[in-house]
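Notes to accompany the following structure.
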Number of protein chains: 2
Amino acid sequence: MLKTRLDLGRIRAARDVIAPVFLASPLYQCDALGSQFGCTVSIKLETANPVRSFKGRGTELVASSLADQGAAAVVCASAGNLGQALAWSGRRRGLDVTVVAPRQAPAVKLDRIRSFGAHLELVDGDFEAARERAATLARQRGVRLVEDSLDIETCEGAATIGLELVSAVSTGDAVLIALGGGAMATGVGHVLKALAPGVEVVCVQPLGAPAMTLSWRERRVVTTDSTDTIADGVAGRYPIPAVLDDLLQVADDALLVREASIVTGMRMLLEHAGLVVEPSAALGIAAVLENPDRFAGRHVVTIICGSNVNLDAYHRWVTR
Amino acid sequence: MLKTRLDLGRIRAARDVIAPVFLASPLYQCDALGSQFGCTVSIKLETANPVRSFKGRGTELVASSLADQGAAAVVCASAGNLGQALAWSGRRRGLDVTVVAPRQAPAVKLDRIRSFGAHLELVDGDFEAARERAATLARQRGVRLVEDSLDIETCEGAATIGLELVSAVSTGDAVLIALGGGAMATGVGHVLKALAPGVEVVCVQPLGAPAMTLSWRERRVVTTDSTDTIADGVAGRYPIPAVLDDLLQVADDALLVREASIVTGMRMLLEHAGLVVEPSAALGIAAVLENPDRFAGRHVVTIICGSNVNLDAYHRWVTR
């Protein structure tokens, strides 16, 4: 019996709240990519929307609920994508949005957070430092702190991707999900386990930011002292216990991949699928690259979760 | 009274025939791009499907009708995108597909035509030479020759994009459509004029391949001796009279843009929208670039019609 914090009824209802521009994202087979691996590769593309990542699905739920409650403001910590999405959803509903981000987050993400009308506060240190500062701000101002992966809306918003996968002609044999805080993995995983239990739920995280994967493997929270990865979107150090509990219910496996594989994955997505993606979005392809036998002859679906990447860095990585 | 070869009832019915993977493509506002021009820019993204262009909408109708008639084979001439799409749609229905292409067509397009299982015949010369050879082949074999823009399915397939635009919350003030043979322009234009007559239908063609635009302006077929543009997808020299007649009914304007603007448009779509596109898909942005006052403060929708581009050439063009 599947027991997580998520609820299928609420996930289904979420589709009526989330702006349609984030829903029904493209899902298609990419033969050119599949032939590189000797398997079938389908792409679930979460970048063709105003914030260029899947995070709008969750922030729509958050902002809608805040607006219903008459709230005027909201705060979050973000490496970039959640901040952009919350700024977008908040602006649409007249909310005053403050995003706290690590100073070294990609400039392109920070610029867009500002351009969507949010207040941006930069802090030294990594995402965990931003999380602390955001918590302080929210407490001082008496406004809601949106916590990615902990707040159920962020998981259930992402879970609507799962509904779209299971309603497709073919859901695939395995779905590859980038693993960071766990909102996408627990969300999509919950729906797959509930409605398509035969599909393997495979989480993928960088070796350089392995806290959640190590926690999943040891079935207890494992933290790390630092992170070292270009995949800024998934670089956390402190897994959230409640999210780990959910992940233990829904993930069939959690793989760690090397930075070189992430870069090769980004390059292959450009060369064979014509897609510019941020590093986190290449984790699935990186996993297939590192585990060719495991996926040979199978139908894998990889969720392309974001395309917010600094082009200078991107060109440096992708150009041989 | 709108009088073209196209029929709204058939266009609506087409949605039940076309594989869903080509339908309901993303339509979203790109603030980062709009702020560059001081207008609102929405993107209709026709590249997130197995053939990476809008052509699948039309070839689905062609192949479905051939299969219904018990046909075994089909021939077309193509600079690449129609060939890929026909190969994809034909394979799905067990049709033997032959594509005749100019030898200098982008290698990436030719490779994919082969990989979708079609027979590929290369000819010296340009698209018009391929068209002649394909006609000969079809005659010899007694099979149907698919003629892009002349064959009503190619126009009515593309026209389903128009249905999706008019059913959006905002259809925009002007829709920018790449103009080549005219299938997309007459198709989308027909639906807009029928259902949203206030929306301006603006066709955009390269100065280096202006035959259809010159014909539209002079209201008679004007041919050219050669073409000189990187936008291979729209580089024809002999406008089809019946298509011109339709275009005269539905286009509000036809603009010619310089090669440098096409390149800048491609670069802006990469930098501000994270999209790798082929040159034809940048024609709309090129038109906004060259006519800033005309579009200032307005809401323009640009159809990103294809992303099949040789990356070597792309990098050469886009890298400053």
Qualifying residue in region A:149-171 (condition: touching a Cys at 6+ places or on another chain (Cβ under 8 Å), within 14 Å of A:N81 (Cα to Cα), at pLDDT 95 or above and surrounded by 16 or more Cβ atoms within 10 Å (Cβ to Cβ)): yes
Tally, over region A:79-98, of residues that are closer than 9 Å to A:T59 by Cα and open to solvent by 20 Å² or more (accessible area, probe 1.4 Å): 1
Count of region B:15-46 residues which are touching a residue at least 60 places away in the same chain (Cβ under 8 Å), open to solvent by less than 20 Å² (accessible area, probe 1.4 Å), touching a strand residue (DSSP E or B) at 6+ places or on another chain (Cβ under 8 Å) and not small (G, A, S): 8
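Considering A:T4, A:T59, which residue is of a type in the set (S, T, N, Q), touching a strand residue (DSSP E or B) at 6+ places or on another chain (Cβ under 9 Å) and over 20 Å from A:L311 (Cβ atoms)?
One residue alone meets the criteria, A:T59.
Does A:L137 count as open to solvent by less than 10 Å² (accessible area, probe 1.4 Å) and modelled with pLDDT of 95 or more?
In short, yes.
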Meets criteria (over 20 Å from A:V21 (Cβ atoms) and within 14 Å of another protein chain (Cβ to nearest Cβ)) for B:I11: no
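Hey, any hits in region A:288-298 for a residue that's within 26 Å of A:L150 (Cβ to Cβ), at pLDDT 95 or above and surrounded by fewer than 23 Cβ atoms within 10 Å (Cβ to Cβ)?
no
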Any chance B:R237 is outside any loop (DSSP other than H, G, I, E, B) and basic (K, R): no
Those residues of region A:99-115 which are more than 20 Å from the chain's Cα centre (by Cα) and either crowded, with 20+ Cβ neighbours inside 10 Å or more than 23 Å from B:H272 (Cβ to Cβ) (or both), in sequence order: A:R103
Failed item in (1) farther than 20 Å from A:E278 by Cα; (2) in contact (Cβ under 8 Å) with a residue 40 or more places away in the chain; (3) surrounded by fewer than 17 Cβ atoms within 10 Å (Cβ to Cβ), with A:V146 passing the rest: (3)
Helices (runs of 4 or more DSSP H) lying entirely in region B:259-320 (those with 1 or more residues that are in contact with a Cys (Cβ under 9 Å, 6 or more places away or on another chain), small (G, A, S) and within 12 Å of chain A (Cβ to nearest Cβ)): B:259-273
Members of region B:49-59 that are within 11 Å of another protein chain (Cβ to nearest Cβ) and open to solvent by 10 Å² or more (accessible area, probe 1.4 Å): B:P50, B:R52
Residues of region A:151-189 classified as within 11 Å of the chain's Cα centre (by Cα), assigned to a helix (DSSP H, G or I) and under 14 Å from A:D252 (Cβ atoms), total: 3
Which numbered condition A:R219 misses (of (1) at positive phi; (2) without any contact (Cβ under 8 Å) to a residue 12 or more places away in the chain): (2)
Total residues in region A:172-201, condition surrounded by fewer than 21 Cβ atoms within 10 Å (Cβ to Cβ) and aliphatic (A, V, I, L, M): 3
Residues of region B:277-319 satisfying the condition of being touching a residue at least 24 places away in the same chain (Cβ under 8 Å) and either over 22 Å from B:L207 (Cα atoms) or touching a His at 6+ places or on another chain (Cβ under 8 Å) (or both): B:A296, B:G297, B:R298, B:H299, B:L311
Pair list, Cβ under 8 Å, 6 or more apart: region B:231-251 residue without any contact (Cβ under 8 Å) to a residue 60 or more places away in the chain, other residue among the polar types (S, T, N, Q): B:A231/B:S280; B:V234/B:Q205; B:V234/B:S280; B:P239/B:S215; B:P239/B:T223
Residue in region A:202-225 that is within 14 Å of the chain's Cα centre (by Cα), in a helix (DSSP H, G or I) and at pLDDT 95 or above present: yes
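The values are calculated or read from the model by the stated rules, or taken from the named source; none is laboratory data. Predicted model only: the values in this text are computed from it and were never measured. Note that we place each Cβ from the backbone using ideal geometry, even for glycine, and neighbour counts take in every protein chain shown. Remember, those area values only see protein heavy atoms, side chains included, never the ligands or the DNA or RNA. Shrake-Rupley method; radii C 1.70, N 1.55, O 1.52, S 1.80 Å.
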